[in-house]
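Participant: Can you keep this structure in mind? I'll have questions shortly.
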Amino acid sequence: MRVLSIGSSDKAGGAAIAAYRLNVELVSQFRTRLISAVARKITNEKDVIEVGREGSIYARRIRQLTGAFQKWSGWQYRFLPVQRQRILSTARRFEPDVINLHNLHGGTLDGFFQTDLIVDLSQIAPVVWTLHDMWALTGHCAYSMGCDLWRDGCGPCPHLNFYPPLAKDQSAGLWRWKRSIYAHSDLTIVTPSKWLGQLCHETKVVVPENIRTIPNGIDLNRFSPGNKRAARNSLRIAEDAKVLVFAAERVGGNARKGGKALEVTLRRLNEVATSKIDVLLVGEGELPWIRELANIKSRRMGYISKEPDLVQIFRAADLFLFPTEADNLPNTLVEAIACGLPAATFDVGGCGEVIKDGVSGVLGAVDDPAELADRIWNHLDDPETSARLSASAREYALNFNVKLMARRYMDLFVDVSNRRARTRQGASLSA
């Protein structure tokens, strides 16, 4: 099986990490011949090709001009001729059996993937698109954050500043353009969460039989429980401390993950706690307001790039705090519970598919972060409940095995590849 993987990065960001883990397992488990075409390459792996930034001075100038026009006009990812040609050339040379798309928005300042390229790629091989957020369904935003206009066509957009932002409101036109692209492509959609899969079914983005749900998987040997005392000693954390972990790419820099909801939760926790709580902040940036909280002792851990270091932090903690207001199937939730660390999060998107209340953690309502804080303190203040949840969290994490994930994808790749072969054979017989 020859697979071409396309995404915004090879290993930067949650979507890229999920794709990277899948690709590694496809190669090791099934001897798949696989190359990745990405906008931004950060590894040194030889089978990863950067298509977003390289090229001649002439090509760079074309990218600048088309990027400026897209920004001015609001026609997001509609005019990317240089990147389009590089991706098409890569696909034609490689001659894949299947093309697996991942995160197609972002990657570089002005984007890297012209959306109607899906039509051309599906002429080369069947396309399997793994959706890591809602962007494929909306006019422009990765998450609608309560807006339902995208269900019937978008526009006028009340949230032009939502990522990836629009300078002018072309959301309705972009929505129609996307739907036309899907209708003219050999396209199968994969969603990591049942939540997103249900949205795809409801909005009929493709025919029902071309929508599959395959949860993201992780290496359950790498992310596993360990000696809590040893982990705390290595991080200089008191053995009897009550420890929370909060993680985001940018601490305090992401309104969706750790914005107002995080502040409300921690302020309430500060009020109800009867002893000090250590909060480990994983990611770039800081939370200036946290210094005001007398019962909260924060510690900046910085951005953690090495998985063993993250595992050590998870093993040292009592609870993972993840107050996201919109999400698909977050990697960090799966990683935490695999280490035996229960998580507290809101019942939004696919979070409730990872965090089962009372089994793998604490699940609250997004409109009541104070109630979540009360339950977090009850958890921290009850060692018996903590121990029980730690064991059941690890048990539940077994549902997210990367080997099972890769097997399901390979079965799908074989299925769509065989379907293409049968279609071509039927066409040749009728010619």
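The values are calculated or read from the model by the stated rules, or taken from the named source; none is laboratory data. This structure is a prediction, so every number in the text was calculated from the model and none was measured. Using ideal geometry, Cβ is built from the backbone for each residue, glycine included, and neighbour counts are taken over all protein chains shown. Calculation scope for accessible area: heavy atoms of the full protein, side chains included, ligands and nucleic acids excluded. Shrake-Rupley method; radii C 1.70, N 1.55, O 1.52, S 1.80 Å.
Participant: Excluding ILE99 itself, calculate the net charge of residues whose Cβ lies under 12 Å from the Cβ of ILE99, where each Lys or Arg counts +1 and each Asp or Glu counts -1.
Facilitator: Working: positive: ARG2, ARG92, ARG420; negative: GLU95, ASP97, ASP120, ASP186.
With Lys, Arg at +1 and Asp, Glu at -1, the net is -1.
Participant: Within 10 Å, count the other beta carbons around each residue, average over each peptide in 175-185, 397-407, and list them highest first.
Facilitator: Values: 175-185: 16.6, 397-407: 18.5.
Ranking, from highest mean packing down: 397-407, 175-185.
Participant: Charges only on Cβ, +1 for Lys and Arg, -1 for Asp and Glu: so what's the dipole of the chain about the Cα centre, in debye to the nearest 20?
Facilitator: Numbers: 56 positive and 47 negative charges, 332 e Å.
With Lys and Arg at +1 and Asp and Glu at -1, about 1600 debye.
Participant: Would you work out the Kirkwood radius for region 190-234? I mean one over the mean of 1/r across all pairs of different Cα atoms, in Å. Mind dumping the intermediate values first?
Facilitator: Details: mean 1/r = 0.0750 Å⁻¹.
This gives a value of 13.3 Å.
Participant: On the protein heavy atoms, probe 1.4 angstrom, tell me the percent of accessible surface of region 88-144 carried by carbon and sulfur.
Facilitator: Values: 600 of 1380 Å².
Roughly 43 percent of what the probe reaches on region 88-144 is carbon or sulfur.
Participant: A further question on this structure: Can you give me the P(r) profile for the chain? Cα pairs, bins 20 angstrom wide beginning at 0, each as a whole percent.
Facilitator: With a bin width of 20 Å, the distribution comes to 25, 54, 20, 1.
Participant: Another question, if that's okay. Using the per-residue mean of other Cβ atoms lying within 10 Å as a proxy for protection, in what order, highest first, do the peptides 338-349, 23-34 fall?
Facilitator: Details: 338-349: 24.0, 23-34: 17.2.
Ranking, from highest mean packing down: 338-349, 23-34.
Participant: Limiting things to C-alpha atoms, what are the Rg and the maximum Cα-Cα separation (Dmax) for region 129-265, in angstroms?
Facilitator: Gyration radius and largest Cα-Cα distance of region 129-265: 20.2, 60 Å.
Participant: In nm², what is the average projected area of the convex hull enclosing the Cα atoms of region 290-391?
Facilitator: Details: hull surface 27.0 nm².
Across all orientations, region 290-391 yields a mean hull projection of 6.8 nm².
Participant: What ranking do 351-357, 215-221 get when scored by the average of other Cβ atoms within 10 Å per residue, highest first? Walk me through the intermediate numbers first.
Facilitator: Numbers: 351-357: 20.7, 215-221: 18.9.
Most protected by this proxy first, the peptides run 351-357, 215-221.
Participant: Among PRO308, PRO225, PRO369, which one moves the most in a GNM of the chain with springs linking Cα atoms closer than 10 Å?
Facilitator: Ranking PRO308, PRO225, PRO369 by mean-square fluctuation puts PRO308 first.
Participant: Can I ask one more? What percent does the relative contact order of the chain come to when contacts are Cα pairs within less than 8 Å and at least six residues apart?
Facilitator: Working: 848 pairs, mean separation 58.0, N = 431.
Once divided by the residue count of the chain, the mean separation gives 13 percent.
Participant: Quick one: which residues, 5 or more positions from ALA142 or on another chain, have an amide H under 5 Å from its amide H? H modelled 1.01 Å from N in the peptide plane, none for Pro or chain starts.
Facilitator: Result for ALA142 returns TYR163.
Participant: To the nearest 10 Å², what's SER234's accessible area with a 1.4 Å probe?
Facilitator: Roll a 1.4 Å probe over it and SER234 shows about 60 Å².
Participant: Calculate what fraction, in whole %, of the accessible area of region 341-431 sits on carbon and sulfur atoms when a 1.4 Å probe is rolled over the protein chains. Provide the component values of the computation, followed by the final result.
Facilitator: Working: 2160 of 4290 Å².
For region 341-431, the apolar C and S fraction of the accessible surface comes to 50 percent.
Participant: Counting only residues 5 or more places away or on other chains, whose amide H sits under 5 Å from the amide H of ILE49 once H atoms are built in the peptide plane?
Facilitator: Amide H neighbours of ILE49, under 5 Å, 5+ apart: SER36, ALA37, VAL38.
Participant: I would also like to ask the following. Ranked by accessible surface with a 1.4 Å probe, highest first, in what order do TYR163, TYR409 come? List each step's numbers first, then the result.
Facilitator: On the way: TYR163 125, TYR409 0 Å².
Per-residue accessible area, sorted high to low, gives TYR163, TYR409.
Participant: Here's something else I'd like to know. Quick one: dipole size for region 1-44, taken about the Cα centre, charges +1 on Lys/Arg Cβ and -1 on Asp/Glu Cβ, in debye to the nearest 20. Before the final figure, lay out each step's value.
Facilitator: Working: 7 positive and 2 negative charges, 22 e Å.
So the magnitude is around 100 debye.
Participant: Going through the cross-link list LYS46/LYS228; LYS257/LYS356; LYS194/LYS260; LYS41/LYS403; LYS41/LYS276, which pairs have a Cα-Cα distance over 31 Å in this structure? Don't jump to the answer; show the numbers that get you there.
Facilitator: Details: LYS46/LYS228 38 Å; LYS257/LYS356 19 Å; LYS194/LYS260 27 Å; LYS41/LYS403 25 Å; LYS41/LYS276 43 Å.
Pairs exceeding the cut-off: LYS46/LYS228; LYS41/LYS276.
Participant: For region 162-295, with only Lys/Arg (+1) and Asp/Glu (-1) charged at the beta-carbon, what is the dipole magnitude about the Cα centre, in debye rounded to 20?
Facilitator: On the way: 21 positive and 14 negative charges, 17 e Å.
Dipole of region 162-295, to the nearest 20 debye: 80 debye.
Participant: Right, here's the next one. Per DSSP H run of n ≥ 4, the term is -39500 (n - 2.57); total these for the chain, divide by its residue number, and report the mean residue ellipticity at 222 nm rounded to 500 deg cm²/dmol. Please report the intermediate quantities before stating the final value.
Facilitator: Numbers: 14 runs with 178 residues, N = 431.
Rounded to the nearest 500, the figure is -13000 deg cm²/dmol.
Participant: Between rounded, prolate and oblate, where does region 227-340 land on the alpha carbon gyration tensor, with a ≥ b ≥ c its root eigenvalues, rounded for a/c under 1.5, else prolate if a/b exceeds b/c?
Facilitator: Details: a/c = 1.60, a/b = 1.07, b/c = 1.49.
Oblate, because a/c is 1.5 or more while a/b does not exceed b/c.
Participant: Using the heavy atoms of the protein chains and a 1.4 angstrom probe, tell me the accessible area per residue for region 91-215 in square angstrom. Don't skip to the end; give the middle numbers.
Facilitator: Working: 4820 Å² over 125 residues.
Here the per-residue accessible area is 39 Å².
Participant: Just to be sure I understand the curve: with the Debye formula and one point per C-alpha of region 130-203, what is log10 I(q)/I(0) at q = 0.17, 0.28 Å⁻¹?
Facilitator: Log10 I(q)/I(0), no solvent term: -0.61, -1.43.
Participant: Okay, moving on. Could you work out Rg/(2.2 N^0.38 Å) for region 1-131, with Rg from alpha carbons only?
Facilitator: Expressed relative to 2.2 N^0.38 Å, the Cα Rg reads 1.01.
Participant: How long, wide and thick is region 355-431, going by the Cα atoms along their three principal axes, in whole angstroms, largest first?
Facilitator: Its Cα atoms span 73, 29, 12 Å along the three principal axes.
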